[in-house]
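Values quoted throughout were computed directly from the atomic coordinates according to the rules given, and no laboratory measurement underlies them. All of these numbers come straight from a predicted model, not from anything done at the bench. A quick note on method: Cβ atoms are made from the backbone with ideal geometry, for glycine too, and the neighbour counts reach across all protein chains shown.
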Amino acid sequence: MSTTTEAAGGKSVRTWLLDGLKPEDRHSSGMHEEHPDKQHPWWKTMCLTGVDYFSTLGYQPGIAALAAGALSPIATSLLVALTLFGALPTYRAVAEESPRGLGSIAMLERLLPHWWGKLLVLVLLGFVATAFVFTITLSASDATAHIVENPFVPEALSGQRVLITTLLIAALGAIFLRGFNEAIGLAVVLVAVYLTLNVVVVGMGLLQVIEHPALVANWQTALTTGHAGPLAMIGVSLLVLPKLALGLSGFETGVAVMPQIQGTLEERIKGAKRLLTTAALIMSGFLIASSFATAILIPHAEFEKGGRASGRALAFLAHEYLGDLFGTVYDISTIAILWFAGASAMTGLLNIVPRYLPRYGMAPDWTRAIRPLVLVFAAISVLITIMFGADVESQGGAYATGVLALILSAAVAVTISTYRKGRRPAAYGFATISLVLGYTTVVNIVERPDGLQIALFFVLAIVITSLISRATRSTELRAGRIELDPTALRLVEAVDGPLRLIANEPDERDSREYADKDREARAHHHLPPDEPMLFLEVTIGDASEFSSDLKVIGEERHGYSILKVSSSNIPNTIAAILLHLRDVTGKQPHVYFHWVEGNPVAAMLRYLLFGGGDVPPLTREVLRQAEPELARRPQVHVG
């Protein structure tokens with residue numbers, strides 16, 4: 001009884017984890033449209049991506065003040081210009097070109113064929129993982145910093161940053177395990193409250209600036225004393241612009257969540273553009289106003305590490321000018337949205353990873369389900385939190401590198417796309433944006449090389465694990481839908497008795513080849529001369545594809561019946577067709593191979609990379625795994 005109960009319990013847990021994994025998706029090769037269980041208006045979806053984008057107000061003014069000093073408002077204005085005239089038009093174009101939430105990665109994938117395209121995607125997924133995972137860990141770590149620095153929080157918690165951050169990440173994962181709709185609803189509430197409180201804090205800050213003109217005069221004096229003129233101020237601001245790059249986070253997730261926007265494909269594109277534009281305008285207004293208020297009202301020493309405004313400039317203003325009670329309310333709101341900023345990143349990961357790696361055969365099939373991925377990403381985030389000690393500053397380099405690499409790849413993809421469409425002026429504009437973003441990325445990497453090192457570790461980990469997964473899954477039955485054209489179906493149905501097929505490398509010009517192989521097969525396997533025989537010819541298209549739909553075409557050539565098909569590999573295709581013919585006709589198929597000697601290691605590499613290799617034993621192994629019942633398994637013969 002207990003064993004049965006345990007088995008049932010194990011089955012129920014597995015069923016719960018794999019809920020949403022559709023059997024018909026298992027061998028689908030197309031980049032078909034996938035819908036979540038429930039879609040939402042664009043403004044609600046904006047709140048989900050906005051918890052990442054808007055939450056940067058928690059630390060962005062402080063970063064700008066540290067990087068640019070009195071030039072903070074000018075440097076922030078340049079960041080806003082890059083946002084509105086660079087990142088925003090780029091991602092509006094991405095939304096138009098990739099409306100199913102695959103983002104710029106899908107656009108770049110189409111530029112390179114075969115294995116080069118797959119490798120490019122794996123590299124970009126490494127940067128996606130870097131940006132999104134560090135969004136989760138850095139935001140949760142910053143939320144922890146706001147917790148322990150609040151005046152009402154016991155001092156004993158200041159040494160428990162890793163534990164608190166881990167608990168925040170675990171709570172985030174629990175919400176996604178429960179369901180995506182809960183995440184959307186919570187995001188709407190958090191964004192509404194946070195933006196409202198920021199209107200109060202920033203408005204109060206600007207009012208203080210108006211009421212104390214001497215502070216503005218002091219700021220102007222600092223500007224003119226330290227810089228020769230406006231051009232010098234702009235030049236210095238451009239130099240420190242890469243340090244403000246975290247203020248660009250949120251655009252990639254803005255397109256990644258497009259499947260959650262309700263409506264038709266065209267309506268989702270329009271909704272995504274509204275989402276991106278509205279979020280950029282809201283954030284730009286807050287960035288300029290907050291940088292101006294904080295630069296004038298907060299002494300520079302308070303921005304330094306250990307200062308009261310370190311990583312929490314607006315929270316400092318809330319406590320300083322609105323009292324600790326309101327400041328605590330603001331802290332709670334900031335903590336909540338920083339914690340939930342990881343929801344935006346988690347959504348991006350859950351939308352992007354299942355669209356690529358399983359389709360490439362580079363991840364286990366269970367990665368199509370949401371809950372196992374949530375557990376994996378949460379575990380990785382906890383591990384990174386422990387490695388970095390929940391320190392915000394030490395994680396900033398990797399976060400900025402991932403974000404900038406994604407935005408740069410999007411700008412390059414849009415540049416190439418618009419150029420190919422003949423829209424030269426637009427292409428030149430996007431090329432300029434790409435150059436600016438390229439400069440920003442390079443400077444960020446030079447100043448914080450640890451960020452690139454971490455990103456490359458993610459890239460290497462994804463490439464290695466993906467290739468291992470591809471190798472271990474190589475003998476799966478990898479065909480999608482199989483269809484026989486009318487001629488093929490007629491040729492198969494005309495056979496009276498077992499279906500006997502000769503596997504043949506096609507050479508349509510040589511009629512003797514068919515006669516020779518027919519004669520050899522009958523002689524080696526003692527088949528009567530009047531036994532009906534079919535030739536099965538598989539040509540390899542893109543060998544990098546893991547699975548593909550099969551269209552079997554029938555021909556009668558040189559007096560022989562021939563079945564032709566094109567696919568990504570030979571052994572798996574032959575096995576799939578044999579099983580399909582058995583199911584369609586009810587007849588037992590037999591396939592006959594001509595033995596070819598060679599190095600087994602080289603043959604295996606040819607199979608993994610080019611879809612060929614030592615075909616007979618590989619075909620037999622695929623059939624063995626696909627059909628455990630020996631009596632029903634199609635037979636493989638080698639002569």
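Straight-line reach from LYS273: which lysines have a Cα under 19 Å away, not including same-chain ones fewer than 8 places off?
LYS44
Between 0 and 90 degrees, rounded to the nearest ten: what's the tilt of helix 449-472 against the longest Cα principal axis of the chain?
20
Once a ≥ b ≥ c are taken as the square roots of the eigenvalues of the Cα gyration tensor of the chain, is the result rounded (a/c under 1.5), prolate (a/b larger than b/c) or oblate (a/b not larger than b/c)?
prolate
Report the net charge of residues surrounding THR334, where surrounding means a beta-carbon distance below 10 angstrom and charges are Lys +1, Arg +1, Asp -1, Glu -1.
My count for the surroundings of THR334 gives -1.
When the Karplus curve 6.51 cos²θ - 1.76 cosθ + 1.60 is applied with θ = phi - 60°, which whole-Hz ³J(HN,Hα) does each residue of region 222-231 get, with x for Gly and Pro?
Taking θ as phi minus 60°, the curve returns 4, 5, 6, 6, x, 9, 5, x, x, 5 Hz for region 222-231.
Sort the following peptides by mean Cβ neighbour count (other Cβ atoms within 10 Å, averaged over residues), highest first: 328-334, 420-426.
Descending mean neighbour count gives 328-334, 420-426.
Under 5 Å between amide H atoms, partner at least 5 residues away or on a different chain: which partners does PHE535 have, H built in plane at 1.01 Å?
ILE502, SER561, ILE562, LEU563
Going by average Cβ neighbours within 10 Å, how do the peptides 399-405, 556-562 rank, with the highest at the top?
So the peptides 399-405, 556-562, ranked by packing, come out 399-405, 556-562.
Antiparallel as a % of all DSSP beta bridges within the chain, to the nearest 5?
20
Could the peptides 240-246, 369-375, 408-414 be put in order, highest first, of the mean number of other beta-carbon atoms found within 10 Å of their residues?
408-414, 240-246, 369-375
Cα gyration tensor of region 479-638, axes a ≥ b ≥ c as square roots of the eigenvalues: rounded (a/c below 1.5), prolate (a/b > b/c) or oblate?
Rounded shape, in that the Cα axes give a/c under 1.5.
Treating cross-link reach as a plain straight distance, find the lysines whose alpha-carbon is under 21 Å from the alpha-carbon of LYS305, omitting any fewer than eight places away in the same chain.
Partners within reach: LYS243.
Restricting to DSSP H runs of at least four residues, report the calculated mean residue ellipticity at 222 nm for the chain, -39500 (n - 2.57) per run over all residues, nearest 500 deg cm²/dmol.
-22000 deg cm²/dmol
Relative to the Cα centre, what is the charge dipole magnitude of the chain, using +1 at the beta carbon of each Lys and Arg, -1 at the beta carbon of each Asp and Glu, and rounding to the nearest 20 debye?
500
Which shape class applies to region 296-416: rounded if a/c is under 1.5, otherwise prolate when a/b exceeds b/c and oblate if not, where a ≥ b ≥ c are the square roots of the Cα gyration tensor eigenvalues?
Taking the square roots of the gyration eigenvalues as a ≥ b ≥ c, region 296-416 is prolate.
With unit charges on the beta carbon (Lys/Arg positive, Asp/Glu negative), name the residue among VAL392, THR334, LEU456 whose Cα is farthest towards the positive pole of the charge dipole of the chain.
Highest projection toward the positive end goes to THR334.
Could you tell me which residue out of LEU501, LEU275, GLY559 lies farthest along the dipole of the chain toward its positive end? Charges go on the beta carbon: Lys and Arg +1, Asp and Glu -1, centred on the Cα centre.
LEU275
For the chain, build the charge dipole from Cβ charges (+1 Lys, Arg; -1 Asp, Glu) around the Cα centre, then report which of ALA256, THR347, GLY429 sits farthest towards its positive end.
Checking the options against the dipole of the chain, the answer is GLY429.
Which angle from 0 to 90°, rounded to the nearest 10, does the C-alpha axis of helix 511-524 make with the longest principal axis of the chain?
It is inclined by approximately 70 degrees.
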